[in-house]
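Read the figures in this text as sums done on the coordinates, not as results from a lab. Just so it is clear, the model here is predicted, and its values are computed rather than measured. Positions of Cβ are backbone-derived with ideal geometry, glycine not excepted, and every protein chain shown enters the neighbour counts.
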Amino acid sequence: MRWSNTFIPTLREDPQDAEAVSHKLMVRAGLIRRLTAGAYTYLPLGYKILRKAENIVREEMNAAGASELLMPALQPVELWKKTGRYEDIGDVMIKFQDRHGKEVALGPTHEEIITDLVSGEIRSYKDLPLTLYQIQNKFRDEVRPRFGIVRSCEFIMKDAYSFDVDTVSMEKSYRKMYDAYCRIFDRCGLPYIPVEADPGLMGGTVSHEFMIPTGIGEDTIALCSSCGYSASTEVASCAEEGDAPGLEEPPGIEEVATPGMSSVEDVSSFLKREAKNLIKTLIYIADDEPVAVLLRGDHEANEAKIKKCLGVSSLELADESGVEKVTGGPMGFSGPVELNGVKKIADLSIRSMPAAVTGSNRKDTHLKNVFPGRDFEVNEWGDIRVITEDDKCPRCGENIEIKQSIEIGHTFKLGTKYSEKLGAGFLDENGKERPLIMGCYGIGVNRILASLIETSHDDKGIIWPMAISPFEVIVIPLKKGEEAVEREAERIYSELIKNGIDAIMDDRDKSPGVKFKDADLIGFPIQVVVGKKSLEKNKIELTERSAGEKALVEKEDIVERVKDLVKKGRKDKERRAHV
RNA sequence: CGGGGCGUAGCGCAGUCUGGCAGCGCGCCACGUUCGGGACGUGGAGGUCCUGGGUUCAAAUCCCAGCGCCCCGACCA
């Protein structure tokens, strides 16, 4: 490819609407442009990288025994109604009516569609196991798209689905996909961490997220460097706090005036008590029943854990009027003391709290010296909070780290959630009808690009690994019109192409500075610079983007040297791939 | 949906407080000189100042309404 023949609009300055490094660099390097919030055009260079990432995914999926197919993005909503996810997914699914008045949707994911397909085609245990996948644009009407292509409303997902006769066999299929994911992310050069996660709306019992720790992303994970424990903060369990220090003569409850102090922050600074000495009381509506959730002031509710603990499917914070109805007092002054007729669920950390501060269920008043057990009873104790940096590792007790991450893949053991509802069964050896046991596996293909840039860049720009770079080599003749320089650059370029190396020729009539800056910004792994001065000494300059050091190479050797470097770069990925 | 910020040439921004000729840098076009880390000179093109309404002799600037984008939160497969 010649630069002058393609379209690589690089920018000197950061776009004003980007905050995340990957977003800024993708726009500056001429990889993407935004059309509207959450929808991006992939320019030629960006699209080329995307296809390279797709191909790695495709190769590993095929190697793991999965078969590629392509389902329509356009889907009837009936199937979603059958599984009950029509309601669950709500406005995230983009829906509209076709000309016949039929309600259709743009697929946010394809469990319903593939299960419906398979239900009509799979009859016998002899057809199983089976794993199918596709790489396709998905549509989700996100509440808040952000970080460029990290969370967009239209994005590219590899979604795979496995079908098995029983859970033992499903575990094998799951493991194959899990291992394939590790190989894919290895080959992409991504520092991924698989963590235990919450299956959420997808259903099933167990799921794993593949996370890339970065400065951005919407997920946080808890990591233990001593034992290797890793889990999404959605599920990471919190160790119970120690026993309450036995006070000789516990002081009695005391009322204090707290005019206008309705937040934990207000109350703690007003009363000069640390947030961790406060008990906050959140009123939730769980499956239409009000529940009081008690947490330490400095802790955050983990709604997934609360749901599990209560065994409910819906959980929503009560609004102002709901709080008043339940507690008799205004929002911001709720407390567990004398709060009757409502179920109270408390985090384990509450148990050992001495002389806590709580709301009184009356306006502008709080209570001091409240002791759990003595001053109020709790219906249910549980681990219902989000893990914090102050917590210890739930496995080994050492310190843990909380890291913001990009979720790049997610694997689920679905079980029979979809197959039962959609009638996807098979006949076993005994002629008995049984539901298919399913798993599903997603990779955000565009997130591979964003994650790579987040984890691999410097102040000059992107540093691509050989496997995902838009081109493996850029050839830069320093001066347009200088015959010897141009002739030599052309020779090297055509030799590289002949040798199957993915090279680009910067044939623009631009100053050397511009060419260097652009090459660094885009981040081609290898730069071959042909200049008059070194050419007079029969030398060509060779730079590896990751190291940044220039080397002078005899011009007779340059093609071989580049070939070696490219091969080595490609080999690295293969070696990692087969560990 | 709540909080904050932004919207002026292709891109990045100043001008808005205090109303009075539409500006700067980069990029772009032409010519010339240049050519090893974002060259220089000369000349030039390019505007719905987000949209609509209002106030005023006069609005990018003040007022009202709306739209779009970004960040934080809520939400999330």
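Selection among A:441, A:553, A:356 by position relative to the dipole of chain A gives A:553 as farthest towards the positive end (Cβ unit charges, Cα centre).
Using the Karplus relation 6.51 cos²θ - 1.76 cosθ + 1.60 with θ = phi - 60°, the per-residue 3J(HN,Hα) values for the range A:28-36 come to 5, 7, x, 9, 9, 9, 7, 8, 7 Hz, with x marking Gly and Pro.
Other residues whose C-beta falls under 12 angstrom from the C-beta of residue A:1 contribute a net charge of -2, scoring Lys and Arg +1 and Asp and Glu -1. Note on chain A: dipole from Cβ charges, positive end direction compared against A:203, A:284, A:387; the farthest Cα belongs to A:203.
If you take all other residues with their beta carbon under 9 Å from the beta carbon of residue A:214, and give Lys and Arg +1 and Asp and Glu -1, the sum is 0. Tell me the net charge near residue A:532. Cut-off is 9 Å between Cβ atoms, residue A:532 excluded, with +1 for each Lys or Arg and -1 for each Asp or Glu. After counting each charged neighbour, the total is 0.
Among the cysteines of chain A, A:153, A:182, A:188, A:238, A:309, A:440 have no other cysteine beta carbon within less than 4.7 Å of their own.
Straight Cα distances below 15 angstrom link residue A:95 to the aspartates and glutamates A:78, A:87, A:103, A:141, A:142, A:154, with same-chain residues fewer than 8 positions distant left out. About its Cα centre, the range A:464-577 has a charge dipole of approximately 300 debye under the convention of +1 per Lys or Arg Cβ and -1 per Asp or Glu Cβ, with nothing else charged. Note on residue A:325: lysines with a C-alpha under 29 Å away, same-chain residues under 8 apart excluded, are A:276, A:280, A:305, A:307, A:308, A:343, A:344, A:363, A:368.
Taking 0.36 nm per residue of sequence separation and removing the Cα-Cα distance, the residue A:82/residue A:51 pair yields an extension gain of 7.6 nm.
Please arrange A:179, A:141 by counting, for each residue, the other beta carbons lying within 10 Å of its beta carbon, fewest first. Placing the least packed residue first, the sequence is A:179, A:141.
The simple spin-label model puts a point 7 Å past each Cα toward its Cβ; for residue A:380 and residue A:225 those points are separated by 3.8 nm. One Cα centroid belongs to the range A:314-393, the other to the range A:220-234; the line between them spans 28 Å. Here A:440, A:182, A:227 are placed in order of increasing Cβ neighbour count within 10 Å, fewest first, which gives A:227, A:182, A:440. Among A:464, A:381, the ranking by other beta carbons within 10 Å of each residue's beta carbon, starting with the fewest, stands as A:381, A:464.
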